[in-house]
Amino acid sequence: MPAARRRRVAPVVVRLRRLPNPRFTGLGAGLFATATMLFFAFLDQLLFDGAPLVYGLLFLPVSAVTALWVRTADLVTAPIAVPIAFAIGVLPIAGGGEGFGGQVMGLVTTLAVHAGWLYGGTLVAGVIASVRKVRQMGRRQIARDAAARGGSGRGPAARTSAAPNGGAATGGAPRTPHIPRTGTAGSRSARRA
């Protein structure tokens, strides 16, 4: 068997890799989800007379895409941003009476009646964000183990063995001794006065 055996990749995976792969910040993910859900709510109001089923069905893929497109450092924001986007986006289809109080009552009623969609989308975003985080932690651990075993010069084991002074993590440079500042706190306060 050849050492450099190439794995065949499914055509679906090849097509998916060609799709855009943006990385949103936490705020960007929230804005994306909110803007998308507002757009879908207006579209739902226009085409389906504000059917909550259509809105809920569209919320699930928006939750998934938001969790997939948020930066790894901001993964925790995806399950937080999508319920907020659901609540803001549902305003156009919530109904309600006249005035501010009627609109708030319509929003609260819609959120209560369609909480299943809200929980479902939040669960989708939470599961995707959790899986991404676990995979990232696994990749970091593998890289850390490889650096410790391989002696690549970048891992903590390589820095410890190369450093004088019993393992200072300075990349092999000797540590300079600590030189205390001259003067005392009393003399500094006397100079300020």
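The values are calculated or read from the model by the stated rules, or taken from the named source; none is laboratory data. Small disclaimer: the values here were computed from a predicted structure and weren't measured. Neighbour counts run over all protein chains shown; Cβ positions are idealised from the backbone, glycine included. Protein only, heavy atoms only, side chains kept; ligands, DNA and RNA dropped before computing areas. Shrake-Rupley method; radii C 1.70, N 1.55, O 1.52, S 1.80 Å.
Descriptive notes on the structure:
- Accessible area ranking (1.4 Å probe, heavy atoms, ligands and nucleic acids excluded), largest first, for Tyr119, Tyr55: Tyr119, Tyr55.
- If you sort Phe48, Phe86, Phe100 by accessible surface, 1.4 Å probe, largest first, the order is Phe100, Phe48, Phe86.
- Exposure ranking of Thr109, Thr72 by accessible area [1.4 Å probe, largest first]: Thr109, Thr72
- FRET efficiency, Val14 to Ala143 (Cβ-Cβ, R0 22 Å, nearest 0.05): 0.25
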